[in-house]
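Each reported figure results from applying straightforward, stated rules to the coordinates on display, with no laboratory input. Values in this document were obtained by computation on a predicted structure and should not be read as measured data. Backbone-built Cβ (ideal geometry, glycine too); neighbour counts: all protein chains shown.
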Amino acid sequence: MIPALIVLAVLVVAVLYVVGQYNGLVRVRNLVQESWRQVDVELTRRHDLIPNLVETVKGYAAHEKAVFEEVARARTLAAGAGATPEQQAAQENELTHALGRLFAVAEAYPVLRASENFQQLQLELSTTEDRIAAGRRFYNANVRDLNTRIESFPSNLIANQFHFEKAEYFEVEDPAVRQAPTVTF
């Protein structure tokens, strides 16, 4: 009778361990998904600010059509739904480059730089860039935690059994893009 109770106790502990590991993996996976949604919210905010910024600059520099078209194209591409973090990072890199060219155009117009509307948009964009960076750090930390649990023994046994997959980091490849655009007016 005692050996049967010992076997039963070991079995119960093993089942509780598997359940605990599974629930932990689900919790971390959901945290990764939630943190990606927060990054997406900030990227959407960024995408929504850009048309206002372009229109403000357009009023002063109407002959810079190619720059405006490039920003609009890059914004449309970056705002597209369904991208993986890696694809989204590449699209955001392109948008950041286009914004850099837009700000370079704005540098040539002192009256534009003095415009209260332009200054407010530039401040909002800078704040949004900071929030995106913070969101990206939070997301990547959660991805690291999930991937570590998926790869570490013994939780990797549960992760493999229940088909948990590693998440992608949201990485910016271009060193110049690794920081928010800085514009001095």
In this structure, the FRET efficiency calculated for Gln119 and Asp48 from their beta-carbon separation, with R0 = 22 Å, to the nearest 0.05, is 0.75
Taking every other residue with Cβ under 11 Å from the Cβ of Arg149 and scoring Lys and Arg +1, Asp and Glu -1, one gets +2
Computed FRET efficiency, Cβ-Cβ of Glu165 and Glu55, R0 35 Å: what is it to the nearest 0.05?
0.25
So how far apart, in nm, are the two label points at Ala62 and Leu5 if each is 7 Å from Cα heading toward Cβ?
9.2
Out of the range 76-142, which chymotrypsin sites (Phe, Trp or Tyr not before Pro) are coil in DSSP terms and have no more than 15 other C-beta atoms within 10 Å?
none
Two-site label geometry, Asn30 and Glu107: point separation in nm, points 7 Å out along Cα→Cβ:
4.9
Cα centroid separation, the range 105-160 to the range 1-65 (Å):
14
With each run of n ≥ 4 DSSP H residues scored as -39500 (n - 2.57), what mean residue ellipticity at 222 nm is computed for the chain after dividing by its residue count and rounding to the nearest 500 deg cm²/dmol?
-27500 deg cm²/dmol
Full extension from Val19 to Asp130: what is 0.36 nm times the residue separation minus their Cα-Cα distance, to one decimal in nm?
36.1 nm
Gain in span if fully extended, Ala72 to Arg37, counting 0.36 nm per residue against the direct Cα distance:
10.3 nm
Report the relative contact order of the range 2-178, percent, no decimals, based on alpha-carbon pairs under 8 angstrom and at least 6 residues apart.
34
